[in-house]
Amino acid sequence: MKKLGLRRKWVILSVVVIPLLVSCDFLIGLTKSQDKGRIVVSLSSDMHGRTISPPTDLIVVAYDIDGSGPSGNSFHYENASGSLFTREDVAVGTWSITARGKNAAGGEITRGTVSLSVSPGTTATATLLCTPISGAGTLQLSLSWPAGTLPSPYAEATVTSSAGAVRNITFSIAGTTASWSADDLQNGYYTLGVKLRTSGAGSSVAWSRTETVLILSGSVTTGSWALAESDLDLPEEGVIGVTIQ
């Protein structure tokens, strides 16, 4: 009878203690989970829809993502695809997230950084727009026209940055070709306005074009136009314009 009573005590003790231990483990795990948060970042790249671009593949197919957080916490993730990146169980505090957009060849073409604050047991969200990598690129422009169509051709252009800074350009003329090149344009988007005049600066415009240009760090962007006579707005022969005041 004593042995039977002792067994009953152990059974009762097991029924009470084991669930209590399980509950404690659950509560500890829950507390740990609540001490951390979750990051969701919406990714996008502004690298398309430009009229004149370098020959580089501008389609972003994957992102390498680095996170730098509080107390030395960090993470690195390669080849994230899609437009959403999620990271679970991150330390509470301020995080800096950097994404590097890569094309199919693995070349880095865009980059962006965003900061966000993670609170316990919550999801922190942010939108990260990746833009062209900082640095200088090259712009090469050229145009040609049929011989004998322009008495004294003169070509000029303006290159206007997205911030509104204007650069005035005068082309070099060699026969029936005008050309210009510069390798010190900073990455970004520009508005290019080109004019070909009939006979020197200030003369009538025979042809003009406005384009949007993308400059990438370390890349060459080329704009070239081979004009036919039908493309040119030429004065009619034998017609003299007189202004009477």
Identity of the residue in the range 123-146, modelled with pLDDT of 95 or more and in a loop (DSSP other than H, G, I, E, B), that ends up surrounded by the fewest Cβ atoms within 10 Å (Cβ to Cβ): 146
Selection status of residue 89, farther than 30 Å from residue 183 by Cα, acidic (Asp, Glu) and surrounded by 15 or more Cβ atoms within 10 Å (Cβ to Cβ): no
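Take residues that are surrounded by 13 or more Cβ atoms within 10 Å (Cβ to Cβ) and tell me which of the strands (runs of 3 or more DSSP E) falling wholly in the range 152-245 contain 3 or more. So that I can check it myself, show each step before the final result.
Values: elements: 154-161, 166-170, 172-174, 177-186, 188-197, 205-215, 220-226.
Qualifying strands (runs of 3 or more DSSP E): 154-161, 177-186, 188-197, 205-215, 220-226.
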Pair list, Cβ under 9 Å, 6 or more apart: the range 187-213 residue under 14 Å from residue 225 (Cβ atoms), other residue at pLDDT below 90 and of a type in the set (Lys, Arg): 211/50; 213/50
Residue in the range 68-85 that is touching a Gly at 6+ places or on another chain (Cβ under 8 Å), in contact (Cβ under 8 Å) with a residue 40 or more places away in the chain, not basic (Lys, Arg) and not in a strand (DSSP E or B) present: yes
Candidate set from the range 86-108 (those that are within 13 Å of the chain's Cα centre (by Cα) and in a strand (DSSP E or B)); member that is farthest from residue 42 (Cα to Cα): 108
Long-range neighbours under 8 Å by Cβ, at least six apart or interchain, first residue under 30 Å from residue 121 (Cβ atoms) and in a strand (DSSP E or B) within the range 38-64, second among the hydrophobic types (A, V, I, L, M, F, W, C) and at pLDDT below 90: none
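The values are calculated or read from the model by the stated rules, or taken from the named source; none is laboratory data. Source: prediction; values computed, not measured. Neighbour counts are summed over all protein chains in view; Cβ atoms, including those assigned to glycine, are modelled from backbone coordinates with ideal geometry.
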